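The values are calculated or read from the model by the stated rules, or taken from the named source; none is laboratory data. In this text the structure is predicted, and so the values were computed from the model without any measurement. All Cβ positions, even for glycine, are placed from backbone atoms using ideal geometry, and neighbour counts span all protein chains on display.
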Amino acid sequence: MPAHRHIVPPRAESGHLKLTEKELRAWGEELGRAATPPLLITLTGELGTGKTTLAQSICLGYGVSEEVTSPTYALVHQYSAPRTAVFHIDLYRIESPEQLTNIGWDEIVVARALILVEWPERAGSRLPDDHLPIDLDYMPGDPARRILLAG
Ligand SMILES: Nc1ncnc2c1ncn2[C@@H]1O[C@H](COP(=O)(O)OP(=O)(O)OP(=O)(O)O)[C@@H](O)[C@H]1O
Ligand SMILES: [Mg+2]
């Protein structure tokens, strides 16, 4: 998304990055430090590719001091940070976009906040166009690295 290009840590600009977990966490922290609210970041990728791991490091860089845990069951976790609130959302378990209403989706997406959404494809057309997309993939032949594509 060109509008958010300037905050994406530079190593991702030329396309795919192949990152160890330590490198991925460092990249996420850098993104979190650079993030300017309001900002919605989508995290796509198969089960276990590192979406929550990346969300944790983005939160850390943004200044969340509480422990960030996966919102798999609650669907939404809210944190406070020096600049704004942070919403970490996991849509894996919703069955249809209509269920977004129950989790307060419409209020969250217009909030002046940092919003991190795992499984954003589940939101269908209710996902705002203006967001920074990040995609994670397994790397064939290297279980310790992930392929990251941002923006
Ligand atoms: N290079 C890497 N980057 C990120 N995580 C890695 C990497 N290598 C190994 N891992 C491990 O992969 C797992 C990623 O789990 P995580 O919960 O972050 O994935 P997820 O994409 O959120 O999964 P889910 O779809 O179930 O929500 C962790 O156990 C982490 O330690
Ligand atoms: Mg997760």
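Please give the number of the condition ASP137 fails out of (1) of a type outside the set (A, V, I, L, M, F, W, C); (2) in contact (Cβ under 8 Å) with a residue 40 or more places away in the chain; (3) under 13 Å from ILE41 (Cα atoms); (4) within 16 Å of ligand 2 (Cβ to nearest atom).
The single condition ASP137 does not satisfy is (3).
Give me a count of the residues in the range 98-134 that are free of Cβ contacts under 8 Å to residues at least 60 places away in the same chain, within 16 Å of the chain's Cα centre (by Cα) and loosely packed, with under 15 Cβ neighbours inside 10 Å.
Total meeting the criteria: 1.
Name the residue, out of VAL8, VAL86, that is at pLDDT 95 or above and of a type in the set (A, V, I, L, M).
Only one candidate passes the filter, namely VAL86.
Could you figure out which of (1) at pLDDT 95 or above; (2) crowded, with 17+ Cβ neighbours inside 10 Å isn't true of LEU17?
In the conditions (1) at pLDDT 95 or above; (2) crowded, with 17+ Cβ neighbours inside 10 Å, LEU17 misses (1) alone.
Given the criterion modelled with pLDDT of 95 or more and within 17 Å of ASP129 (Cα to Cα), identify the matching residue among LEU40, LEU60.
LEU40
Among the residues of the range 38-85, write down those that are within 16 Å of ligand 2 (Cβ to nearest atom) and acidic (Asp, Glu).
GLU46, GLU67
Out of the residues in the range 72-88 meeting the condition of being assigned to a loop (DSSP other than H, G, I, E, B) and free of Cβ contacts under 8 Å to residues at least 24 places away in the same chain, tell me which one is farthest from ligand 1 (Cβ to nearest atom).
PRO82
What do you reckon, is GLU95 of a type in the set (D, E, K, R), outside any helix (DSSP H, G or I), within 16 Å of ligand 1 (Cβ to nearest atom) and surrounded by fewer than 17 Cβ atoms within 10 Å (Cβ to Cβ)?
For GLU95, the condition - of a type in the set (D, E, K, R), outside any helix (DSSP H, G or I), within 16 Å of ligand 1 (Cβ to nearest atom) and surrounded by fewer than 17 Cβ atoms within 10 Å (Cβ to Cβ) - is not met.
State the number of residues belonging to the range 37-68 that are within 10 Å of ligand 1 (Cβ to nearest atom), part of a loop (DSSP other than H, G, I, E, B) and among the β-branched types (Val, Ile, Thr).
Summing the residues that are within 10 Å of ligand 1 (Cβ to nearest atom), part of a loop (DSSP other than H, G, I, E, B) and among the β-branched types (Val, Ile, Thr) in the range 37-68 gives 1.
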